[in-house]
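Chemist: Pasting in a structure now, in structure tokens, and then I'll have a few things to ask.
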Ligand SMILES: C[S@@+](CC[C@H](N)C(=O)[O-])C[C@H]1O[C@@H](n2cnc3c(N)ncnc32)[C@H](O)[C@@H]1O
């Protein structure tokens, strides 16, 4: 069976997670994270028979079937190089219509639109295929990352983070790729009791229940509207409700709101950052009261995985309260630098 080179895109900072998942599920014969130093990318070589399975990976966004990689400079002369390379690229699976999309990172004397127009013209000149910006049969990616240009075709037209039709949109909804990476990092096992104490629209727990069996989950949010929204989202994702409890409650008083006797051993939450709500000043107290309250309900063996933009604050508070910091991982998410912090409380 033939092998193909793919380039997978993910959240910058989650490349190792994507690599581990790919090794586990699609057995690449070769792989490299951040090829050419490109953040948020992973290139893998896999057998053609595993191509379909790649579409079911949870930690990647797009799959690009690699056709060509070459150097470009940052002057407008690069557009000629892109035209020539695109013209000379054999597009065996080109459908009746196509569109070019471009991700461009770095300083160049040309824009992404220039790249799209130039590469698109080359395809029209060589194949006479029509452009369809709305619903093309083929999407060709022409990415320019600093001085590297990558040409390929997209295997998925819809980003893979769309798992189901979210009927409720939380204003700070988490990308499910990050939710998956956080869950995976805690090594979820059957019988785990998973708490998201700031569950919003339910992203983390829905992701957990879609990927792991025989787990119990509880989600808490102070805002009733979000709990109702999370319930609707869980319905849309066809989640078995018997393993999901959603409660209106305060994460700073977990002992009051969690079902008695229910002791979580995994706590995975996307903490409020206070940026959108404009209540940054309240964040230190929320973090402190949450971690204080968490100590009263945690199972003896536990793992806690929290996403925050306030990494130093969280680590200081956790340290003062006797938590151990196991790992921290920096990611770039929606233009913000965030940290995934893993903690445990030893008893
Ligand atoms: C960053 S959002 C979580 C978004 C969620 N991960 C999602 O994908 O929809 C943080 C959530 O924490 C909730 N929150 C803030 N303070 C809280 C508290 N003291 N107790 C419980 N929830 C709280 C907010 O209502 C908000 O929904």
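The values are calculated or read from the model by the stated rules, or taken from the named source; none is laboratory data. Values in this document were obtained by computation on a predicted structure and should not be read as measured data. Positions of Cβ are generated from backbone atoms using ideal geometry, with glycine treated the same way; all protein chains shown enter the neighbour counts.
Chemist: Across the range 186-206, what is the total count of residues that are assigned to a loop (DSSP other than H, G, I, E, B) and under 11 Å from residue 244 (Cα atoms)? Break it down stepwise before answering.
Modeler: Here is the first cut: in the range 186-206, the residues assigned to a loop (DSSP other than H, G, I, E, B) are 186-192, 197-202.
Okay, now just the ones that are also under 11 Å from residue 244 (Cα atoms), so 202.
Selection size over the range 186-206: 1.
Chemist: Kindly indicate which of 44, 64, 60 is at pLDDT 95 or above, touching a strand residue (DSSP E or B) at 6+ places or on another chain (Cβ under 8 Å) and not in a strand (DSSP E or B).
Modeler: The conditions single out 60.
Each row is one residue, and each column tells you yes or no for (1) over 28 Å from residue 317 (Cβ atoms); (2) surrounded by 16 or more Cβ atoms within 10 Å (Cβ to Cβ).
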| position | (1), (2) |
| --- | --- |
| 190 | yes, no |
| 224 | no, no |
| 240 | yes, no |
| 258 | no, yes |
| 274 | no, yes |
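Chemist: Could you tell me whether residue 169 is touching a residue at least 12 places away in the same chain (Cβ under 8 Å), under 18 Å from the mean Cα position of the chain (by Cα), within 13 Å of the ligand (Cβ to nearest atom) and surrounded by fewer than 22 Cβ atoms within 10 Å (Cβ to Cβ)?
Modeler: In short, yes.
Chemist: When you go through (1) under 30 Å from residue 141 (Cα atoms); (2) touching a strand residue (DSSP E or B) at 6+ places or on another chain (Cβ under 6 Å); (3) more than 9 Å from the ligand (Cβ to nearest atom) one by one for residue 184, which number turns out not to apply?
Modeler: Going through the list (1) under 30 Å from residue 141 (Cα atoms); (2) touching a strand residue (DSSP E or B) at 6+ places or on another chain (Cβ under 6 Å); (3) more than 9 Å from the ligand (Cβ to nearest atom), residue 184 breaks only (2).
Chemist: Quick one: residue 264 ticks every box in (1) within 13 Å of the ligand (Cβ to nearest atom); (2) in contact with a strand residue (DSSP E or B) (Cβ under 6 Å, 6 or more places away or on another chain); (3) not in a strand (DSSP E or B) except a single one, so which number is it?
Modeler: Residue 264 satisfies all of (1) within 13 Å of the ligand (Cβ to nearest atom); (2) in contact with a strand residue (DSSP E or B) (Cβ under 6 Å, 6 or more places away or on another chain); (3) not in a strand (DSSP E or B) except (1).
Chemist: Right, residue 296: over 27 Å from the mean Cα position of the chain (by Cα), within 16 Å of the ligand (Cβ to nearest atom), surrounded by fewer than 13 Cβ atoms within 10 Å (Cβ to Cβ) and modelled with pLDDT under 95 or not?
Modeler: no
Chemist: Checking residue 32 against (1) assigned to a strand (DSSP E or B); (2) touching a residue at least 40 places away in the same chain (Cβ under 8 Å), which single condition isn't satisfied?
Modeler: Against the list (1) assigned to a strand (DSSP E or B); (2) touching a residue at least 40 places away in the same chain (Cβ under 8 Å), residue 32 comes up short only on (2).
Chemist: Taking the residues in the range 215-228 that are in a loop (DSSP other than H, G, I, E, B) and touching a helix residue (DSSP H, G or I) at 6+ places or on another chain (Cβ under 8 Å) as candidates, determine which candidate is nearest to residue 299 (Cα to Cα). Step through it out loud before you land on a result.
Modeler: We begin by selecting, within the range 215-228, every residue in a loop (DSSP other than H, G, I, E, B); these are 215, 222-223.
Adding the requirement that they be touching a helix residue (DSSP H, G or I) at 6+ places or on another chain (Cβ under 8 Å) leaves 215, 222.
On the way: 215: 15, 222: 23 Å.
For the range 215-228, the residue satisfying everything is 215.
Chemist: In addition: Quick one: would you say residue 259 is part of a loop (DSSP other than H, G, I, E, B) and either away from the ligand (no atom under 13 Å from the Cβ) or free of Cβ contacts under 8 Å to residues at least 12 places away in the same chain (or both)?
Modeler: Yes.
Chemist: Sticking with this one: Exactly one of these conditions fails for residue 286: (1) closer than 23 Å to residue 165 by Cα; (2) within 12 Å of the ligand (Cβ to nearest atom); (3) surrounded by fewer than 23 Cβ atoms within 10 Å (Cβ to Cβ). Give me its number.
Modeler: (1)
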